[in-house]
Amino acid sequence: MTNHAGVHEKGTFTLQNLMDNIKTNPAFPNTGSIAFFVGVARNTDIEGTPVQKLTLEAYEEKANEVLENICLDLTKKPGVIDVQIHHLLGDFQVGEDLVYVAVAGSHREETFAVLREAVERYKHEAPIFKKEQTVNTDGSKTESWVSEKNSQTE
């Protein structure tokens, strides 16, 4: 079983890997619901400029630690069986998967609430960096690093 969380090079971790991980949890028989969030590369930036490509990088050691700690913390909540966050790194085209977040719980109410918290926390706490390549109206391309607070990518 892969850890509950981490960063992975694009193509080395899939949504099926995530589902397999959840089902290997010894407490899985107590699960009544599993909720997923899949973040994908959007076709425009926050100003509506077309995005051609997105590059994701991370301070990998710290990102793995932060993501794992978020999962462990949220798993302590009542009714939560498992929390997993797996962020992909590399170059992405519009529509490609960037991140997988899953919460398994006894009931849907706590599952949905913890899923939202997991997404908000990883977006603000994990040292994962995004660079957008946009296409200007004159056809020229611009690359710039995106602050998570200003990003609509996921």
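The values are calculated or read from the model by the stated rules, or taken from the named source; none is laboratory data. Because the structure is predicted, anything quoted here is derived from the model rather than measured. Glycine also receives a Cβ, built like all others from the backbone with ideal geometry; neighbour counts cover every protein chain displayed.
Could you please find all residues in the range 1-52 being touching a strand residue (DSSP E or B) at 6+ places or on another chain (Cβ under 7 Å), farther than 17 Å from Gln84 by Cα and either crowded, with 17+ Cβ neighbours inside 10 Å or among the acidic types (Asp, Glu) (or both)?
Ala41, Arg42, Asp45, Val51
Would a scan of the range 110-125 turn up a residue that is among the small types (Gly, Ala, Ser), more than 23 Å from Tyr59 (Cβ to Cβ) and modelled with pLDDT of 90 or more?
Within the range 110-125, one or more residues are among the small types (Gly, Ala, Ser), more than 23 Å from Tyr59 (Cβ to Cβ) and modelled with pLDDT of 90 or more.
Yes/no matrix, rows are residues, columns are (1) within 19 Å of Leu15 (Cβ to Cβ); (2) touching a residue at least 24 places away in the same chain (Cβ under 8 Å):
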residue: Ala41; (1), (2): yes, yes
residue: Thr44; (1), (2): no, yes
residue: Val83; (1), (2): yes, yes
residue: Glu120; (1), (2): no, no
residue: Thr137; (1), (2): no, no
residue: Ser144; (1), (2): no, no
